[in-house]
1. For residue 48, are the conditions met, namely being β-branched (Val, Ile, Thr), over 32 Å from the mean Cα position of the chain (by Cα) and over 19 Å from residue 4 (Cβ atoms)?
2. Please find, among 379, 371, the residue that is over 26 Å from residue 232 (Cβ atoms) and more than 34 Å from the chain's Cα centre (by Cα).
3. Return the residues of the range 395-439 that are acidic (Asp, Glu) and either touching a Cys at 6+ places or on another chain (Cβ under 7 Å) or in contact (Cβ under 8 Å) with a residue 12 or more places away in the chain (or both); say none if nothing qualifies.
4. If residue 359 passes every condition in (1) more than 28 Å from residue 392 (Cβ to Cβ); (2) within 13 Å of ligand 1 (Cβ to nearest atom); (3) small (Gly, Ala, Ser) but one, which one does it miss?
5. Of a type in the set (Lys, Arg) and either surrounded by 19 or more Cβ atoms within 10 Å (Cβ to Cβ) or under 15 Å from the mean Cα position of the chain (by Cα) (or both): is that true of residue 416 in this structure?
6. Please identify the pairs in which a residue from the range 300-320 that is farther than 10 Å from residue 279 by Cβ and in contact (Cβ under 8 Å) with a residue 60 or more places away in the chain has its Cβ atom under 6 Å from the Cβ atom of a residue that is surrounded by 20 or more Cβ atoms within 10 Å (Cβ to Cβ) and among the charged types (D, E, K, R), counting only partners at least 6 apart or on another chain.
7. Quick check, is residue 228 under 17 Å from residue 357 (Cα atoms), exposed (fewer than 14 other Cβ atoms within 10 Å of the Cβ) and within 26 Å of the chain's Cα centre (by Cα)?
8. Which residues, taken from the range 324-360, are in contact with a Cys (Cβ under 8 Å, 6 or more places away or on another chain) and over 16 Å from residue 245 (Cβ atoms)?
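The values are calculated or read from the model by the stated rules, or taken from the named source; none is laboratory data. Predicted model, so just to flag it, every value in this text is computed and none were measured. Positions of Cβ are generated from backbone atoms using ideal geometry, with glycine treated the same way; all protein chains shown enter the neighbour counts.
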Amino acid sequence: MKIDAAVVPIEKAHQSIGKEVTIRGWIYRKRSSGGKAFVVLRDVSGTVQCVVDKAKVGEKEWKAIDDAYLESSAIIKGVPKKDERAPGGVELEVQDLLIVHSGEQFPITEYQSAEFLLDVRHLWLRSQRMVNIMKARSHMFRYARDFLDKNGFFEITPPLITNAGGETGSSMFEVEYFGQKVYLTESSQLYAEAMVPVLEKVYSFAPSFRAEKSRTTKHLTEYWHLEPEAAYFDNKKNMEFQEKFVSNIANTLAKEDPEILKYFEVDPDKLAKIKPPFKRLTYEQALKVLNEKGSKKKWGDDFGVEDERLLTEHEKAPIFVYYWPKEIKPFYMPINPKDERTVLCADMLAPQGHGEIIGGSERIWKLDDLMERLAEVEMAQGVKFDRKKYSWWIDLRKYGSVPHSGFGLGMERVIKWMLNLDHIRDAIPFPRLINRVAP
Ligand code: 4AD
Ligand code: MG
């Protein structure tokens, strides 16, 4: 057996009953008894049980497979046979094999603690659970991009190092930059706004960084943030676009990846049925619902994990909470002319307590309105707004400014919801959490 032998995916081997095939992968399970080794090999397409008979392979090959560990890499040639007893109903009768790399004893055994599995994340990623999440993640990135592409959006690439920021109100990571204090971006929105007069409908899909000390199941310190921004969208159009977008990702996942969903005990039918329009509650209405459910929240309070759960526990699709009090939303959101206590914005909350997945709004686009709003925010908060640092962004309101809106969607939050994961850390290969920056 040669290392460059022509191979087929394991999935295909399942359909080649009686025909000789060669497959390539990693040893997922192994046991030996009475001169036979039962080896489950995995590749990205699936797994298959291979039976190695000591009497039918060379001495060197037998020793190699007998000495191999879990996760040793191997190339195996044999004939697939139907066998009810084998996992998946097919078993490969091995004729020849090559252990590509035997290596060392794999450190992960059954029943390991969550912390240990995070310590060996680089290896735990090979588990069937993580393989399935990583496949779904990659697919969902593609479904999201495809939808935006079909709707005429251009992907843009913003800088992740900035000298301004702080617009969302969360804390940022400081970076020392040749003697100057700069930040890792918390949102690419301001740069997306600069690209609106360039390409009209744009989105950036990049990491955002949050130095919040929130130790919850839905906070990462580094996450993948998808941020569309579009000329002439108002808040209503923004919300209508968001519900179409999120429905499309859910529906496509249900159609293309039913097996992955079933692995996580998610009924594909439930995601297939998510359709616009989503339920809409003003902040005021949401507050009323919360108070009826026993919450003590009052006007001007932000909602927490428990409030989001109360609002969505019985929902099958996401809901919008719109027109939030201006005091708890950023300076770039315009005052709602119909209720001046509020701003023209909306958050989308995922069903069953998975929490906020989108924050979006109209943007103040006239210079005078912006200056007025900034002065008001300064008065209310008693802090000086650094107009110098934001000068380029303010500039956009001086030259051919147009009404525009946008939103930010946290991809890991969406993955957590759609795969019904307990914790956001599993929605990203190498999670960055308050107490973890490695591996
Ligand atoms: O609501 P946020 O802070 O909004 C903004 O950053 C806007 N500038 C976006 C825009 O309009 N372009 O964040 C948007 C979304 C949230 O709804 C949530 O899904 C996600 O980003 N998010 C997080 N995801 C994981 N971990 C965190 N710590 C997150 N913080 C926000
Ligand atoms: Mg938000």
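1. Values: β-branched (Val, Ile, Thr): yes; over 32 Å from the mean Cα position of the chain (by Cα): no; over 19 Å from residue 4 (Cβ atoms): yes.
No: the conditions fail for residue 48.
2. Values: 371 fails: over 26 Å from residue 232 (Cβ atoms).
After ruling out the rest, the residue left standing is 379.
3. Taking the range 395-439 first, the residues acidic (Asp, Glu) are 395, 412, 422, 426.
Scanning the range 395-439 gives 412, 422, 426.
4. Among (1) more than 28 Å from residue 392 (Cβ to Cβ); (2) within 13 Å of ligand 1 (Cβ to nearest atom); (3) small (Gly, Ala, Ser), the lone unmet condition for residue 359 is (1).
5. On the way: of a type in the set (Lys, Arg): yes; either surrounded by 19 or more Cβ atoms within 10 Å (Cβ to Cβ) or under 15 Å from the mean Cα position of the chain (by Cα) (or both): yes.
Yes.
6. Short answer, once both residue conditions are applied: none.
7. Working: under 17 Å from residue 357 (Cα atoms): yes; exposed (fewer than 14 other Cβ atoms within 10 Å of the Cβ): no; within 26 Å of the chain's Cα centre (by Cα): yes.
No.
8. First pass over the range 324-360, keeping only residues in contact with a Cys (Cβ under 8 Å, 6 or more places away or on another chain): 324, 329, 333, 359-360.
Matches in the range 324-360: 324, 329, 333.
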